[in-house]
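Here's the structure, in structure tokens; my notes come after.
The values are calculated or read from the model by the stated rules, or taken from the named source; none is laboratory data. The shown structure was predicted, so the numbers you read here are calculated from the model rather than taken from an experiment. Here Cβ is always computed from backbone atoms with ideal geometry, including for glycine, and neighbour counts include all displayed protein chains. Heads up: the accessible areas ignore ligands, DNA and RNA and are worked out on the full protein's heavy atoms, side chains in. Shrake-Rupley method; radii C 1.70, N 1.55, O 1.52, S 1.80 Å.
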Amino acid sequence: MQTAPKKVINGWAMYDWANSAYNLVITSTIFPAYFVAITSAGNGSGEHKVSFFGREFVNTALMDYALSLVFLLVAVSSPILSSIADYRRNKKVYLRWFSLIGSAACLGLFFFTPQRIELGIIFFAIAALGYWSSLVFYNSYLPDIAAPEDQDRVSAKGFALGYIGSVTLQIICFILILKPTILETLFGMDPTDKTLGPRFSFLLVGIWWFGFAQLTLRVLPLSSKAERQAKKHVLINGFHELKLVWTQLKQIAVLKRFLLAFFLYNMGVQTVMLVAAGFGKKEIFPNPEDEPKLLITIILIQLVAIIGAIGLSRLSRKIGNMWVLIIAVSIWIGVCIAGYYVKTQTQFYILACCVGLVMGGIQSMSRSTYSKLLPPTRDTTSFFSFYDVTEKIAIVIGIFTFGYLEELTGSMRNSIIALGIFFLLGLIALFYTKKAYDPSHGTIHH
């Protein structure tokens with residue numbers, strides 16, 4: 001196979017640039033900080049409780065539960081949709097629609113005020129559904145457009161562009177929050193409304209995501225001209241395809257073991273990324289005047305993550321993918337131990353740099369390692385659907401466990417212990433995977 005032309009590679013990577021703004025601003029920084037702030041104001045009890053359709057929750061736990069539900073829906077729906085895309089060869093259609101759904105929900109978050117908690121959580125969940133559903137189709141393009149020897153580089157390029165793009169928009173949003181008079185000058189909006197800066201940031205994310213996604217959709221191939229006949233009814237064919245993928249996985253020991261390791265350590269990776277801002281806001285930067293410091297810290301993580309994604313990709317050429325993943329997971333274990341004890345803002349800054357170093361790298365290397373281990377097949381979307389389902393179920397378990405332990409024990413620090421256990425089990429599974437991995441002979445079939 002030959003790698004696609006540079007125009008296609010750059011177009012594919014631009015979707016990371018487009019949608020990573022959502023992941024940073026909505027998932028990781030401004031939305032969590034805004035949500036914690038407006039649901040803690042005037043509480044006085046210190047318990048950060050919030051009412052959602054008449055039921056009371058710990059505010060950050062409510063976000064965790066909403067995301068858990070989304071990931072469960074994605075895990076159930078993506079096999080059906082990816083199967084249709086594989087057989088009709090039209091996965092770009094689904095990439096287009098889910099990016100539209102996600103970006104439109106971000107636009108809707110502009111109307112999320114302290115009086116509309118339910119509306120905010122619903123749009124937050126829909127945006128997450130659009131983002132994560134689109135990724136299964138986006139990721140499945142990697143083995144279609146890049147030869148195996150180029151997949152680490154192309155995957156890392158996507159993540160690097162994602163971090164650069166998201167930080168660019170994050171800085172713009174950061175300025176608008178600190179200088180609300182800009183909104184008054186440009187649009188005549190009330191600068192005394194403290195919610196305006198964050199809400200306008202959500203609006204910008206929707207515009208950014210939708211606009212730059214068009215560059216990707218313009219150059220990516222539809223998939224193939226030939227439409228295939230599904231083996232089963234359209235509603236169950238996807239799960240039938242997953243069963244066929246699992247049958248093949250059982251014959252490929254290294255791929256089966258890798259997915260187990262990925263499942264275990266990804267419970268920790270994705271959960272940390274989803275809860276980091278809420279943890280920082282509650283435990284390290286609780287005062288309103290400290291909020292800019294929290295946003296700067298998250299930007300720092302993204303900038304370091306660019307170096308991490310590229311650096312681990314280059315390191316893999318020297319020591320191999322498996323050793324890079326083993327090193328990254330080991331660092332994550334150290335991050336969890338340190339996270340339990342971190343108290344000061346300086347300690348949090350140092351911890352943030354460590355998180356950034358391995359955050360992008362481990363995602364990029366996981367995606368490209370899985371892609372390189374795949375057997376020769378036309379059904380790349382079905383295989384990446386299996387990867388996606390594995391990832392989403394891991395996130396459901398990880399994020400729900402984190403939220404439940406916080407409600408049960410009253411502290412997010414106790415939830416970090418569970419994440420450390422996930423990483424430790426993932427590290428053991430990676431060593432188990434390495435026994436069946438021989439990069440000099442490609443994928444080993446057993």
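Counting the residues of the range 52-84 that are of a type in the set (G, A, S) and under 17 Å from E406 (Cα atoms) gives 3.
Looking at F263, F258, just one residue is among the aromatic types (F, W, Y), in a helix (DSSP H, G or I), open to solvent by less than 30 Å² (accessible area, probe 1.4 Å) and at pLDDT 80 or above, and that residue is F258. Restricting attention to the range 99-140, the residues being touching a strand residue (DSSP E or B) at 6+ places or on another chain (Cβ under 9 Å) and under 23 Å from T390 (Cβ atoms) number 0. One residue stands out among those in the range 201-226 that are polar (S, T, N, Q) and at pLDDT 90 or above: the one that is nearest to I30 (Cα to Cα), which is S201. Every condition in (1) within 24 Å of V70 (Cβ to Cβ); (2) buried (at least 22 other Cβ atoms within 10 Å of the Cβ); (3) not polar (S, T, N, Q) is met by A156 except one, and the failing one is (1). Considering the range 404-427, and only residues there that are touching a helix residue (DSSP H, G or I) at 6+ places or on another chain (Cβ under 8 Å) and β-branched (V, I, T), the residue that is most open to solvent (accessible area, probe 1.4 Å) turns out to be I417.
Just so you know, in the range 302-338 the residues that are open to solvent by less than 10 Å² (accessible area, probe 1.4 Å) and aliphatic (A, V, I, L, M) include one that is nearest to G356 (Cα to Cα), and it is A305.
State all residues of the range 124-134 that are farther than 12 Å from F71 by Cα and either touching a Ser or Thr at 6+ places or on another chain (Cβ under 6 Å) or surrounded by fewer than 24 Cβ atoms within 10 Å (Cβ to Cβ) (or both); if no residue qualifies, say none. Listed by number, the list holds a single entry, S134.
Between S201, S155, the distinction of being in contact with a helix residue (DSSP H, G or I) (Cβ under 7 Å, 6 or more places away or on another chain), among the small types (G, A, S), part of a helix (DSSP H, G or I) and closer than 25 Å to A4 by Cβ belongs to S155 only.
In the condition set (1) in contact with a helix residue (DSSP H, G or I) (Cβ under 6 Å, 6 or more places away or on another chain); (2) closer than 27 Å to L274 by Cα; (3) open to solvent by 40 Å² or more (accessible area, probe 1.4 Å), I175 is compliant with all but (1). Of everything listed in (1) touching a strand residue (DSSP E or B) at 6+ places or on another chain (Cβ under 6 Å); (2) at pLDDT below 85; (3) open to solvent by less than 20 Å² (accessible area, probe 1.4 Å), the single unmet condition for K49 is (3).
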